[in-house]
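Presented below is the structure to which this report refers.
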Amino acid sequence: MNKLIKIINFKILGDNRGSLISLEKNIDIPFEIKRIYYIFDTKNNVSRGYHAHKKLEQIIICVKGSCKFILDNGFQKEEVTLNTPDIGLHIKNNIWREMHDFSQDCVLIVIASEHYDESDYIRDYDTFKKSITTI
Ligand code: TYD
């Protein structure tokens, strides 16, 4: 059974001025990058996500603050807290995700393999469960 939480460690290019991380398509990010978006100023006690994607995969980086992710492949659930800019959470297609416990200063950068396409989303959990036949 595949592990649900797939973490990619990014190299920190630091010097005495501070830190820098560079991400290049097909090197640090294992797909063609089609879109980048960021989530910030999330209000208190808000949870987000609650969907899976049919095709899209993404890498999520918490560049500031912290946030908890729950991933679910239809058979098992795992959770992970993102709180450092030098790791990326790789979420492949057909994974249900929820985001909870955003810190006030949380900034998430999302690097996606596809353009925005609402028809790629599965936003109903029962539909997601029915769509899963194998891991
Ligand atoms: P949504 O997917 O519901 O956010 P989350 O999964 O983080 O809870 O997106 C919120 C709104 O923004 C929704 O109306 C769709 C829109 N949206 C775009 O127009 N383009 C995008 O690239 C994304 C990610 C969302």
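The values are calculated or read from the model by the stated rules, or taken from the named source; none is laboratory data. Values in this document were obtained by computation on a predicted structure and should not be read as measured data. Virtual Cβ from ideal backbone geometry, glycine too; neighbours counted across all protein chains shown. These accessible areas exclude ligands, DNA and RNA; they are computed on the full protein's heavy atoms, side chains included. Shrake-Rupley method; radii C 1.70, N 1.55, O 1.52, S 1.80 Å.
Remarks
- Rounded to 5, the percent of DSSP beta bridges in the chain classed as antiparallel: 95 percent
- A P(r) calculated from all alpha carbon pairs of region 1-60, with 10 Å bins opening at zero, reads 14, 37, 36, 13, 1 percent.
- Label sites at T127 and I36, each approximated as a point 7 angstrom past Cα along Cα to Cβ, lie 3.1 nm apart.
- Equivalent ellipsoid, the chain (semi-axes from 5 times Cα gyration tensor eigenvalues, Å): 25, 17, 14
- The accessible surface of region 18-135, taken with every protein chain in place and a 1.4 Å probe, is 48 percent carbon and sulfur.
- Counting only residues at least eight positions apart within a chain, or on another chain, the aspartates and glutamates with an alpha carbon under 15 Å from that of K3 are D72, E78, E79.
- Whole-number accessible area per residue in Å² for the chain, which is evaluated in the context of all protein chains at 1.4 Å: 60 Å²
- E57, E24, reordered so the largest accessible area comes first (probe 1.4 Å): E24, E57
- Given K55/K77; K34/K130; K43/K130; K54/K77; K43/K92; K64/K129, the pairs whose alpha carbons are separated by over 30 Å: K43/K130; K64/K129
- Scanning the chain for trypsin sites (Lys or Arg not before Pro) in DSSP loops with at most 14 neighbouring Cβ atoms within 10 Å leaves 56-122 as the longest stretch between them.
- Candidates per chymotrypsin sites (Phe, Trp or Tyr not before Pro) in region 55-130, loop by DSSP, up to 15 other Cβ within 10 Å: F75, Y116
- Region 1-54-region 95-135 distance, computed between alpha-carbon centres (Å): 14 Å
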